[in-house]
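Engineer: This is the structure I have questions about; it appears just below.
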Amino acid sequence: MKILVTGANGFVGEVLCRKLVERGFEAKGAVRSEDIPLAPGVEKIVAGSIDSSTDWSSALKGIDCVIHLAARVHVMKEESPDPLAEFRHVNTEGTRRLALAVAEHGVKRLVYVSSIKVNGEATKGEPFSEQGAPNPQDPYALSKWEAEQSLLEISRETGLEIVILRPPLVYGPGVGGNFIRMLEWLKKGIPLPLGSVKNRRSMIHVENLADALILCSTHPDAKNETFLVSDSECISTPDLIRMLSEKMGREARIFPFPVPLLHVLGRLTGKSAEIERLTGSLEIDSSKIRQKLGWKPPHSILDGLKDTVLPHRSEDRLICK
């Protein structure tokens, strides 16, 4: 079976391509330019920028399934005067263009990596599930939701099989963004006022996500389904800090502080979104993919966190357990 992966050089794409080769698939990786390296055994396809005019004809020859990872991701410091237009250009229009080309070339299935942000930014008591009403709240999430709708429309019109996955925060070796920032805080021994936080956060290890994507590319019962996918366990922010600190051989330096005051400080400093991510809950019910496809995450959160901190340890002081 031959699978094309877009965004093959990204955080998830590198792991996915490696696992595809290990499992005996023929993997082709679509990248922006020729100078981008790919994992051994992956055939490189230079697709250029992804938008409404991308030419996919050469990339799709002989392909059985496409796993679409490439996207304009959530930007912490947005500089565009029209962020929604920028996100739509790549995430919505680019995805629609790819799906039309996939259907035209007779490819059987397209697996699309969306985002849990399509469901919303936070959960209040009940976890997110596939049955919940979508509630995208920023340009990135809206562009992903619109892409999903385009894919379903194309599926109805052409018979193309569509599988949509909505993962939460993806972590693992090489992770960036807020997760690596937290690792830096812990390495520096910065005391964190998060001891009073009582939340529940779902995450997914990059190897677990890659495993789910491969299953969704081959399993007959994944056809035209949407799945919320996460690790087996939820975790609170204080417990995450304790577990990371333990794996780094450090003492967890957290202390109690009133959560409402944290939100006040967030508003005063312009960090409200960051405070909400640290204190709020985002819990996923991923029972559908487990029951319908028999999927089980191959890595526990403990193993996943150990893998994540290994590249960031200081040889003189940090010992992973």
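What follows is calculated from the coordinates using simple rules that are stated; it is not laboratory data. Source: prediction; values computed, not measured. Glycine gets a Cβ as well: all are built from the backbone with ideal geometry, and neighbour counts include every protein chain shown.
Engineer: Rounded to whole Hz and in sequence order, give me ³J(HN,Hα) for region 172-187 from the Karplus expression 6.51 cos²θ - 1.76 cosθ + 1.60, θ = phi - 60°, writing x for Gly and Pro.
Structural biologist: x, x, x, 5, x, x, 5, 5, 5, 5, 5, 4, 5, 4, 5, 5
Engineer: Something else about it: Within 10 Å of each residue's Cβ, count the other Cβ atoms and sort I116, I254 from fewest upward.
Structural biologist: Ascending number of Cβ neighbours within 10 Å: I254, I116.
Engineer: To test your reading of the geometry: what angle, between 0 and 90 degrees and rounded to tens, separates the Cα axis of helix 11-22 from the longest principal axis of the chain?
Structural biologist: Roughly 60 degrees, rounded to the nearest 10.
Engineer: Could you grab the relative contact order for region 172-300? Cα pairs under 8 Å, six or more apart, rounded to a whole percent.
Structural biologist: 39
Engineer: Students often get this wrong, so check it: of K19/K292; K2/K223; K144/K306; K19/K223; K117/K188, which have C-alpha atoms separated by over 29 Å?
Structural biologist: As for pairs spanning more than 29 Å Cα to Cα, those are K144/K306; K117/K188.
Engineer: Going by C-beta contacts inside 10 Å, put D231, D51 in order with the fewest on the left.
Structural biologist: Starting with the residue having the fewest Cβ neighbours, the order is D51, D231.
Engineer: Let me ask something else about it. Only bridges with both residues in the chain count here: give the DSSP antiparallel percent, nearest 5.
Structural biologist: Counting only bridges with both partners in the chain, antiparallel ones make up about 5 percent.
Engineer: Can you give me the three principal axis dimensions of region 148-217 from its C-alpha atoms, in Å, biggest first?
Structural biologist: 56, 24, 17
Engineer: So what are the ³J(HN,Hα) numbers for region 232-246, from phi and the Karplus equation (6.51, -1.76, 1.60; θ = phi - 60°), rounded to whole Hz, Gly and Pro as x?
Structural biologist: Karplus-based 3J(HN,Hα) across region 232-246 equals 5, 10, 8, 8, 7, 4, x, 5, 4, 5, 5, 5, 5, 4, 4 Hz.
Engineer: Still on this structure, please answer the following. Just want the answer: with Cβ charges of +1 for Lys and Arg and -1 for Asp and Glu, which residue in T92, L215, P168 is farthest toward the dipole's positive end in the chain?
Structural biologist: About the Cα centre, the residue reaching furthest to the positive side is P168.
Engineer: Sticking with this one: Tell me, what ³J(HN,Hα) does each residue in region 140-146 have, in order and in whole Hz, if you take phi through Karplus 6.51 cos²θ - 1.76 cosθ + 1.60 with θ = phi - 60° and put x for Gly and Pro?
Structural biologist: Whole-Hz 3J(HN,Hα) from phi for region 140-146: 4, 5, 5, 5, 5, 5, 5.
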